[in-house]
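Have a look at the structure below, then the notes.
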Ligand SMILES: Nc1ncnc2c1ncn2[C@@H]1O[C@H](COP(=O)(O)OP(=O)(O)O)[C@@H](O)[C@H]1O
Ligand SMILES: [Mg+2]
């Protein structure tokens, strides 16, 4: 059981991301955190494995205050799945899945059996896939590996931050079904962040609807639909539910936290405020680079291709592919 008591988070720049929340996540249940972009879902989740420190209040896991727990130890006992998979590209699928079991000192035979068992669980034939590298798998397959990697060391708690939102609709539905199926047999305590109410209604035991750093309502899917606590919850599960997250997708949702880039000489990079949207980042990106000249074999310039030309072409190709599926 995970319990938040009057938890607040104020970031260093003064942003009050979490404004005092109480939240109970019962043992063995899947609780979805849902709400518009920027409402504090990721912050709430990352406080559980101490990727983000809290400003005041307490979080306990089975009655133990996490502020007294060792971070490394805590994280090895909490599985974590994020939107952009985070598989290590230079390790095979088998090495990726067995990473934490190996760190924990499991014997070879035990972790190899575990890898087979987990791969079978999500329909990835071990013979075919265990020696492959992440980039040799499709996006949906990589995300399956991300999910089973989080399960590998049998952690009692799993955190999932929009794990399926970068996938095409068909893979997303399949993974939701698989997660539900797996959860029916393993009964882990799962905190699942999403901005897709249909996803939350489908897979969660309880749903916490957040707005602007607060929790508006916590209820079972049935209860939420039949008796929303207020107008915000009603409209969130109602009409504009599907595009809420997409419309306002923030740079934080697509950001990669690669420490190597952060240490790189920053003068070579454009920067953008953390509260910018993806559309704003795209506009900056498109505007910054001179176009690429298209030349004939003789070197005569016949035209140019700009970033926006390229992005539009790729986007419209993807739309066509999505439609023809
Ligand atoms: N490192 C940071 N520094 C300052 N503000 C931040 C930081 N990370 C997130 N925020 C802000 O905190 C709020 C909540 O963000 P987040 O938890 O990522 O929301 P969500 O996951 O619901 O989209 C937003 O206003 C966001 O801009
Ligand atoms: Mg988020």
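The values are calculated or read from the model by the stated rules, or taken from the named source; none is laboratory data. All values reported here derive from a predicted model rather than from experimental measurement. Because the Cβ atoms are built from the backbone with ideal geometry, glycine has one as well, and the counts that use them run over all protein chains shown.
Could you run through segment 272-281 and say how many residues are in a helix (DSSP H, G or I) and either modelled with pLDDT of 80 or more or in the same structural domain as residue 36 (by TED's automatic domain parsing) (or both)?
Keep residues of segment 272-281 that are in a helix (DSSP H, G or I), which gives 278-281.
Remaining after also requiring either modelled with pLDDT of 80 or more or in the same structural domain as residue 36 (by TED's automatic domain parsing) (or both): 278, 280-281.
Qualifying residue count, segment 272-281: 3.
Quick grid of which residues meet (1) in contact with a helix residue (DSSP H, G or I) (Cβ under 9 Å, 6 or more places away or on another chain); (2) more than 30 Å from residue 137 (Cα to Cα); (3) without any contact (Cβ under 8 Å) to a residue 60 or more places away in the chain:
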site	(1), (2), (3)
20	no, yes, no
23	yes, yes, no
58	yes, yes, yes
72	no, no, yes
97	yes, no, yes
Looking at 168, 161, which is the one that is in contact with a strand residue (DSSP E or B) (Cβ under 7 Å, 6 or more places away or on another chain) and closer than 18 Å to residue 253 by Cβ?
-> 161
Those residues that are in a loop (DSSP other than H, G, I, E, B) and either within 21 Å of the chain's Cα centre (by Cα) or not assigned by TED's automatic domain parsing to the domain that holds residue 154 (or both), I need them from segment 92-130; list them, please.
-> 98, 122
Can you tell me which residues in segment 180-215 are buried (at least 16 other Cβ atoms within 10 Å of the Cβ), assigned to a helix (DSSP H, G or I), in contact (Cβ under 8 Å) with a residue 40 or more places away in the chain and away from ligand 2 (no atom under 16 Å from the Cβ)?
-> 182, 183, 203
Residue match in segment 286-299 (condition: at pLDDT 75 or above, in contact with a helix residue (DSSP H, G or I) (Cβ under 7 Å, 6 or more places away or on another chain), surrounded by 11 or more Cβ atoms within 10 Å (Cβ to Cβ) and not assigned by TED's automatic domain parsing to the domain that holds residue 86) = yes
Every listed condition ((1) farther than 17 Å from residue 21 by Cα; (2) within 16 Å of the chain's Cα centre (by Cα)) holds for residue 188 save (2)
Within segment 297-325, how many residues are part of a loop (DSSP other than H, G, I, E, B) and either without any contact (Cβ under 8 Å) to a residue 24 or more places away in the chain or closer than 16 Å to residue 279 by Cα (or both)?
-> 5
Please state which of the following conditions residue 51 fails to meet, knowing it meets all the rest: (1) at pLDDT 95 or above; (2) more than 8 Å from ligand 1 (Cβ to nearest atom).
-> (1)
Here the residues within segment 282-296 that are part of a helix (DSSP H, G or I) and in contact (Cβ under 8 Å) with a residue 12 or more places away in the chain are 282, 284, 285, 286, 288
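From 41, 29, grab the single residue that is surrounded by fewer than 20 Cβ atoms within 10 Å (Cβ to Cβ) and touching a residue at least 12 places away in the same chain (Cβ under 8 Å). Walk me through it before giving the result.
Numbers: 41 fails: surrounded by fewer than 20 Cβ atoms within 10 Å (Cβ to Cβ).
From the options 41, 29, the qualifying one is 29.
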